[in-house]
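A short worksheet on the structure shown next.
Rule-based calculations on the coordinates, nothing more; no lab input. As the structure is a computational prediction, the values presented were derived from the model and not from experiment. Neighbour counts run over all protein chains shown; Cβ positions are idealised from the backbone, glycine included.
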Amino acid sequence: MPREPSKPIGRKPEPPPAPPKKYNALEVLGKVSGLGTDEAKRIFEQVKENQRRLDECVGPHDFQPIGEEKKFGRRHVCTLCKGEIDSINKSWYETGLKHGAEQAERKKR
């Protein structure tokens, strides 16, 4: 017959670990950035609205530069949907269009 495990004498069993604390991402971001929760929420809503515009665009996007001219980080706005992206994302978007056109051309042959 198997032996039962011995129980510690005079000691209480360890309590189960507490569940992990849940954090509100906007509160944390507002705190660590120094912006505050309200400002972080406002920026997050702007980002979601911009992404919605880009996603719903009839396309293909027609990105035009906005703001001051600079080598990195220049912003571009689509004349069709008014969504904005930076120059790096614009470059990747244009690369995707080029590759898609090349692929379509190869399939025609």
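Only one residue in Ile43, Ile85 is β-branched (Val, Ile, Thr), in contact with a Lys or Arg (Cβ under 9 Å, 6 or more places away or on another chain) and not in a loop (DSSP other than H, G, I, E, B). Which one? Break it down into steps so the answer makes sense when it comes.
Values: Ile43 fails: in contact with a Lys or Arg (Cβ under 9 Å, 6 or more places away or on another chain).
Only one candidate passes the filter, namely Ile85.
Starting from the stretch 34-53, take each residue that is farther than 17 Å from Val77 by Cβ and list its partners that are surrounded by 11 or more Cβ atoms within 10 Å (Cβ to Cβ), counting only C-beta distances under 6 angstrom and pairs at least six apart or across chains.
Gly36/Gly30; Thr37/Leu26; Thr37/Glu27; Thr37/Gly30; Ala40/Leu26; Ala40/Leu29; Ala40/Gly30; Lys41/Leu26
Check off (1) surrounded by 10 or more Cβ atoms within 10 Å (Cβ to Cβ); (2) at negative phi; (3) out of contact with any Cys (no Cβ under 9 Å at 6 or more places or on another chain) for Phe63 and give me the number that stays unchecked.
Here Phe63 meets the rest and fails (3).
Can you tell me which of Lys90, Lys71 is out of contact with any helix residue (DSSP H, G or I) (no Cβ under 7 Å at 6 or more places or on another chain), under 21 Å from Val47 (Cβ atoms) and among the basic types (Lys, Arg)?
Values: Lys71 fails: under 21 Å from Val47 (Cβ atoms).
Answer to the selection: Lys90.
Suppose we keep only residues that are within 17 Å of the chain's Cα centre (by Cα) and without any contact (Cβ under 8 Å) to a residue 24 or more places away in the chain within the stretch 88-106. Which one would you say is surrounded by the most Cβ atoms within 10 Å (Cβ to Cβ)?
Looking at the filtered set, the residue picked out is Asn89.
For the stretch 55-74, how many residues meet the condition of being within 20 Å of the chain's Cα centre (by Cα) and free of Cβ contacts under 8 Å to residues at least 12 places away in the same chain?
Total satisfying the criteria: 1.
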